[in-house]
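Notes to accompany the following structure.
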Amino acid sequence: MKIPLAICYKAFEIVDLDKFFQQMNIHEYQGKEILKSFGVAVQEGIVADTVEQAVEAAKKMKTDYNSDWVVIKAQIHAGGRGKGGGVKLAKNLDEVKERATAILGMQLVTPQTGPEGKKVNKILVAQDVYYPGASETKEFYVSVLLNRANGRNIIMYSTEGGMDIEEVAEHTPHLIFKEEIDPKVGLQGFQARKIAFNLGLSGQAFKEMVKFVSALYKAYDSTDSAMFEINPVLKTSDDKIIAVDAKVDLDENALFRHPDYAAMRDKLEEDPTDVEASESNLNYVKLDGNVGCMVNGAGLAMATMDIIKIAGGEPANFLDVGGTANAQTVKAGFNIILKDPNVKAILINIFGGIVRCDRVAQGVIDAYKEIGDVPVPIICRLQGTNAVEAKKLIDDSGLKVFSAIALKDAADLVTKVLA
């Protein structure tokens, strides 16, 4: 089998690249807190963990906003909550209690959760903003995100708010507008006015939308976010512009600058395996293949996924244990990979630069013995400092571990164990 000398990163062709851009999702109520801190007008609400808290929140909303109606909204990291029964109107306290009882603790299934759904642990008791007035209400879509093709932020917006933007893009793409932002100067006033104009607004609503867009972009830029999606943005009957929903994705790589936002992480909303990996300081992304891989370095991990693909397998994960792999990190990596029932083999590919290969090999042996019976074959490719000594340690261990030094040898072994 011939292995290309140049790393072509075929892995980019076989996995969803979005999985490799690490983002932290937060709840709607948390996103609205961030927006509000930057002057974005939002639908007010109070978060509740219990039915009793929801009733008390509804009483406060009625007092503060003089409305008999409130909205009970499930708080999960997924869109389409209304379609799954996670958003309900309540016109009195009895209905608040009834709706909160039904939604709290439910396994909410939406188009974005998959068939397993997500358990609802919190609800947002929000004000009714669809009140009658002099003119009709209107819903819009507005989001801010990075255009990876040119490295510039864009504001994407549409008159068709309250709908799945994917459906709008498919059936009426001419109703979706994009405004690209020059990073040297940021969002300009004429661009905010252009957005308000394209949304068909005039008068006070026009002015309010200009303010809304300007504050929204400032919030996005200042928080190092990956995406702000507001759907819908509502023009109320008295021409206010407010965010009724808020989907916010924060860039995990920038959270060290925002410890208050990092504290918003809700581990109950995340895959337990992802949580375990992050607590072990492992960079882990689950994929859909049959060969688990454990590598030190992101570039080498991508090359390893190439090897797996060339050998006839499919990568089951991306797992970077970092530059100082030891018995503890190897063991944690083993445990995480073995949680995937689809894994039929594990390829460990370590380049010994900073770390010595023989120490990694001893770590593999120690971790293997501590875990006990590993149900799948392991290919261990160690190259670099003390690689020969490392291979001898593996070969003499008596464990079900196949050792290799060259990339071709590792690929051949993957092909062999999968046959």
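Any read-out appearing in this document is the output of simple, stated calculations on the displayed coordinates, not a laboratory observation. The model shown is predicted, which means the values in this text are computed figures rather than measured ones. All Cβ positions, even for glycine, are placed from backbone atoms using ideal geometry, and neighbour counts span all protein chains on display.
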Can you list, bin by bin at 10 Å, the percent of alpha carbon pairs in the chain, starting at 0? 4, 19, 24, 20, 16, 11, 5, 1, 0
Using alpha carbon centers only, region 153-178 is separated from region 232-291 by a whole-angstrom value of 23
Kindly state, to the nearest 0.05, the FRET efficiency for Ala298 paired with Lys218, given R0 = 30 Å and r defined as their beta-carbon distance. 0.40
Built amide H within the under 5 Å cut-off of Leu287, gap 5+: Asn317, Phe318
Stretch gain in nm, segment Leu145-Glu389, where the contour uses 0.36 nm per residue and the Cα spacing is subtracted: 82.9 nm
Region 338-371 residues near the modelled Thr273 label - backbone nitrogen below 18 Å, point 7 Å along Cα→Cβ: 338-349
Enter the per residue convex hull volume of region 138-259, computed from alpha-carbon coordinates, in Å³ rounded to the nearest integer. 112
Over the Cα atoms of region 299-371, what is the Rg over Rh ratio if Rh follows Kirkwood? 0.95
Theoretical gain in end-to-end length, Tyr131 to Leu93 [0.36 nm per residue, Cα-Cα removed]: 11.8 nm
Over 23 Å between alpha carbons, listed pairs Lys267/Lys339; Lys138/Lys184; Lys83/Lys240; Lys211/Lys235: Lys138/Lys184; Lys83/Lys240
Rounded to the nearest 500 deg cm²/dmol, what is the calculated helix-only ellipticity per residue at 222 nm for the chain, with -39500 (n - 2.57) per DSSP H run of length n ≥ 4? -10500 deg cm²/dmol
About the Cα centre, charge dipole magnitude for region 138-259 (Lys/Arg +1, Asp/Glu -1 at Cβ), debye: 620
One can check that the equivalent ellipsoid of region 44-128, built from the alpha-carbon gyration tensor with semi-axes equal to the square roots of five times its eigenvalues, has lengths in Å, largest first, of 23, 11, 10
Packing rank of 48-57, 160-169, where each peptide gets the mean count of other beta carbons within 10 Å, highest leading: 48-57, 160-169
For the chain, size of Cβ-based charge dipole, Lys and Arg +1, Asp and Glu -1, in debye: 520
Just going by the charge dipole of the chain, with Lys and Arg at +1 and Asp and Glu at -1 on Cβ, which of Phe38, Asn231, Met61 is farthest out on the positive end? Phe38
Sorted peptide list for 403-411, 71-79, 143-151, criterion being average Cβ within 10 angstrom, highest first: 71-79, 403-411, 143-151
Projected onto the charge dipole of the chain (unit charges on the beta-carbon of Lys, Arg, Asp and Glu, signs +1, +1, -1, -1), the Cα from Val414, Val213, Thr159 with the largest positive-side position is that of Val414
Once you have the Cα-Cα distance between Lys339 and Asn66, take 0.36 nm times their residue separation minus that, and quote the gain in nm to one decimal. 93.1 nm
Distance between region 29-76 and region 330-362 - C-alpha centres, whole angstrom: 47
Debye, to nearest 20: dipole size of region 44-128, +1 on Lys, Arg Cβ, -1 on Asp, Glu Cβ: 260
